[in-house]
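**Student:** My questions all concern the structure below.
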Amino acid sequence: ITMNAEDIKKGRLKFRNEKGEDVTFEAKGEKGEEGFKISSEKGSMTFGAGSAAQLPAWVPSYPGVTPQGTYSSAAEEAVTGGVQFQTRDEAAKVVATFESELKRSGFAVQNNSVTQNGKLMLGNLTGTGGDGKRIVNVTVTPAEHGASALVTYEQKK
């Protein structure tokens with residue numbers, strides 16, 4: 001293995017196998033670009049936080065929140081990813097907002113939320129795009145001061 005000192009200073013490591021295929025590991029710490037990326041000729045995977053999140057336009061986002069954790073992956077068969085956030089809004093409001101936005105965007109929505117004594121214990125939505133190639137899953141849990149949510153997506157090629 002040969003490593004380049006200039007690449008290492010920039011947070012980048014590149015490995016090449018015996019077939020000449022490269023895999024690159026890259027880390028960034030600048031505000032708004034925090035993250036880690038692994039890439040090769042076959043695809044890439046990115047992990048990040050804060051404003052580094054870039055959801056596809058067809059995935060609804062929740063107003064007024066900053067993502068706390070993100071990931072995305074692009075491969076030959078699909079693009080996938082997710083974002084996690086917290087809000088001061090009640091969990092039921094978060095679920096209702098995502099359900100409304102998904103339906104407005106033409107998704108068939110299945111709501112598998114769990115309630116107990118009229119209170120939302122776990123919100124769970126699955127939205128499927130008309131062609132069956134786009135899927136959005138939303139999981140919402142009540143938190144001490146609002147709700148925590150994880151939104152994942154997949155777009156099959």
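The values are calculated or read from the model by the stated rules, or taken from the named source; none is laboratory data. Values in this document were obtained by computation on a predicted structure and should not be read as measured data. Positions of Cβ are generated from backbone atoms using ideal geometry, with glycine treated the same way; all protein chains shown enter the neighbour counts. Side chains included, ligands, DNA and RNA excluded: accessible areas come from the protein's heavy atoms. Shrake-Rupley method; radii C 1.70, N 1.55, O 1.52, S 1.80 Å.
**Student:** Run the accessible area of the chain with a 1.4 Å probe and give the carbon-and-sulfur part as a rounded percent. Don't skip to the end; give the middle numbers.
**Tutor:** Numbers: 4860 of 9760 Å².
Accessible surface attributable to carbon and sulfur in the chain totals 50 percent.
**Student:** Another question, then. Just want the answer: with Cβ charges of +1 for Lys and Arg and -1 for Asp and Glu, which residue in Pro56, Ser72, Leu120 is farthest toward the dipole's positive end in the chain?
**Tutor:** Looking along the dipole axis, the top candidate is Leu120.
**Student:** What's log10 of I(q)/I(0) for the chain at q = 0.11, 0.13, 0.16, 0.21 Å⁻¹, Debye sum over Cα points only, no solvent?
**Tutor:** -0.54, -0.70, -0.92, -1.29
**Student:** Does anyone have the angle between helix 91-104 and the longest principal axis of the chain? Alpha-carbon axes, 0 to 90°, nearest 10?
**Tutor:** 80 degrees
**Student:** Still on this structure, I have one more. Just the accessible area per residue of the chain, please: how many Å² with a 1.4 Å probe?
**Tutor:** 62 Å²
**Student:** To continue, here is another question. Express the relative contact order of segment 27-157 as a whole percentage, based on alpha carbon pairs under 8 Å and six or more residues apart in sequence.
**Tutor:** Computed value for segment 27-157: 21 percent relative contact order.
**Student:** About the Cα centre of the chain, what is the dipole size in debye to 20, counting +1 per Lys and Arg Cβ and -1 per Asp and Glu Cβ, all else neutral?
**Tutor:** 140 debye
**Student:** While we're here: Counting each DSSP H run of 4 or more residues in the chain as -39500 (n - 2.57), what helix-only mean residue ellipticity at 222 nm follows after dividing by all residues, to the nearest 500 deg cm²/dmol?
**Tutor:** Roughly -3500 deg cm²/dmol at 222 nm, from the helical runs in the chain.
**Student:** What is the count of Lys pairs in segment 1-140 whose alpha carbons sit under 17 Å apart, if the two are 8 or more places apart or on different chains?
**Tutor:** 13
**Student:** So what J values fall out for segment 9-19 if you push phi through Karplus, 6.51 cos²θ - 1.76 cosθ + 1.60 with θ = phi - 60°, rounded to Hz, Gly and Pro as x?
**Tutor:** Using θ = phi - 60°, the values come out as 4, 8, x, 10, 10, 10, 10, 10, 8, 5, 8 Hz.
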